[in-house]
Amino acid sequence: MTDNTRTIQVEALARVEGEGRFKVRLEGGKVVRSEFSIFEPPRYFEGLLRGRSFRDAPDVTSRICGICPIAYIMGASQAMEDALGWQITRPIADLRRLIYCGEWIQSHVLHTHMLHAPDFLGLPDSIALAQSNRSLVENGLAAKKMGNRLMEVIGGRSVHPVNTRVGGFYAAPAAAEIHALVPELERCEALSVTALDAFSGFDFPDLEVDYLFVALRHESEYPITEGRIVSSAGLDIPVEAFPEHFEEHQVPHSNALQGATVDGRPYLVGPLARFNLNADRLPADILALAERAGLAPGCRNPFKSLLARQVETIYAFREAARLARDYVPPAPSFVEEPPRAGTGHGITEAPRGICYHRYEVADDGAIVSATIVPPTSQNQRQIELDLVSTVERFHELDDDDLQWRCEQAIRNYDPCISCATHFLKLDVERA
Amino acid sequence: MSSVPEDWVFIGVGHSERQDDGVGPYIADALGRHGLTAVAHQGDGSGLLELWDARQRCVVIDAVAGGGAPGTVHLFRDLGDPAFAGAGFVHSTHQIGLPEAVALGRALGRLPERLMVIGITGTTFGFGSALSPPVAEAAEQLIDRLAGGMDPFSAGPG
């Protein structure tokens, strides 16, 4: 180490999920080497599924994550229904969208209010935030509670719901139970607008990244459970074409696979990608709220993902209230036909971005092979590049402030390291 | 029925399928059968905050790792004490843990009038519902004493 070499090390990164490390070497303000390492051990879910019944896939894969189990349940269910040739009914699809709104809300609100907002205020955690801005935290807790409530009423419990299955739901909630949620959903939408106004006053670091955005796009709805895969480079493909356009690579310094397009380009999934590719699918007044807050279509500032999450929270409350108001219990609550051999694909928009499932099923319904590509795995390479951009852009900050900025940059992704086998020690070496 | 006041609530935190981690829910279930207000909870802090609301006195029962021989009972009455506040993984990843929930509740003015934590040192945290013998013995003794009207806010741990 020379006199003008400095090393910054973060022993553990709080407020993200999982374990990892980022090492970077700087020369003259330029990053000459970087390694983003994930050292949380592999979890072998795809191998676990082989030989099990197709019915097990949603419940087993939901255990990949305690924050976004619905994403795995829905992706697995859709892929199995595709493999088996089952067609679910519109009321079942609507109920799935409703419970998925619950997951978006509880996941987004936890991150925006409790984990990410303190970064922008120079505060260490949500406890300090509660001391300085009590109403913001109270609003967040109320909103998260409502997201959990949706999960409980429809799914039986807020973590790893038990009422979902391939084909639909074991039992449909009573209409009165769902209709009763509407007033609180409406109140929480208003609380979320207040929070967006508060977030809009944050000092967002000035950084623009040349992202390739990838998200679902639906013919009429803001995408949650259905759609085609689109990108900011003009890609527009059906779900089953995912493996032809995207792949995962093993890198020596990480246990997690890193996603890229088949021609090697990293890409971004998640709220900022969804917003940019689907802003015209938002209700006009919600898009206007986003723009008023400083989030306009075309935004490439990763730090503004906080705003995108909060805009999506507002939308999720609006959409949940609509679906709850119109709810009629699906009858039957699930579809079922005899198993058959086949291969199926499923993609939904998890809170952190598209989550891909592919299963091959034998004629007795046993799973022959499984492939799951979670959003944080797809974002892994892009997180590393964002860190490089952040270090170069803000290299003049002192070590502590640069470390803080890097942690903030990682939290832009709300990374779920456990899902991708995932997070963070930071070493910055300056030469 | 018990002589324990109705506005008390006992919250057993833990996972009943992870051996000694399930001692909290195990005790809560037993206290419920004795007619006390007791609930089992998986421990997410935001949910605990909701349970604490509008309660005069609240006793949280949770397994702890370390802190003496298996089955040792710890009474945390001063939750600002570093022995408690630093005991958990305060900055858990996507969940608010018990110490963080207490700190958050204090910042938000949402703690019960009296709140304490009873910790029981566990030894096995694998899969299964069976408690280890020393933890099961400690649990039964605690159930007898709490159901018998012991005031945990003033009684000793023995």
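Laboratory data are not the source of any read-out in this text; all were calculated from the coordinates shown. This is a predicted model, so every value here is computed, not measured. No Cβ is skipped: glycine too gets one built from the backbone with ideal geometry, and neighbour counts run over all protein chains shown.
Summary of computed values
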item	result
Residues whose placed amide H lies under 5 Å from that of residue A:212, excluding near-sequence neighbours	A:268
Cα centroid separation, region A:234-278 to region A:328-362 (Å)	21 Å
Ranked B:108, A:129, A:185, criterion: other C-beta atoms within 10 Å, fewest first	B:108, A:129, A:185
Per-residue average of Cβ from other chains inside 10 Å of A:21-30	0
For residues of A:49-56, the mean tally of beta carbons on other chains within 10 Å	0
Electrostatic dipole magnitude of chain A [Cβ: Lys, Arg +1; Asp, Glu -1; Cα centre; debye, to 20]	560 debye
Cut-off under 5 Å, modelled amide H: who pairs with residue B:60 long-range	B:11, B:116, B:117, B:118
In region A:224-326, trypsin sites (Lys or Arg not before Pro) in a DSSP loop with at most 15 other beta-carbon atoms within 10 Å	A:300
Per residue convex hull volume, Cα atoms of region B:8-147, in Å³	99 Å³
GluC sites (Glu not before Pro) within region A:377-407, DSSP loop, no more than 11 other Cβ atoms inside 10 Å	A:396
For peptides A:92-103, B:129-140, sequence by mean Cβ density within 10 Å, most packed first	A:92-103, B:129-140
Principal axis box of the protein assembly as shown, alpha-carbon based, largest edge first, Å	71, 71, 46
Nearest-0.05 FRET efficiency for residue A:121 and residue A:340, computed from C-beta distance (R0 51 Å)	0.35
Cβ neighbours within 10 Å from other chains - mean over B:35-47	2
Contact order relative to length of region B:8-147, as percent, for alpha carbon pairs under 8 angstrom and 6 or more apart	35 percent
Residue exposure sequence - A:111, A:249, B:74 - by fewest surrounding Cβ within 10 Å	A:249, B:74, A:111
Rg to Rh, two decimals, where region A:45-379 supplies the alpha carbon set and Rh follows Kirkwood	0.96
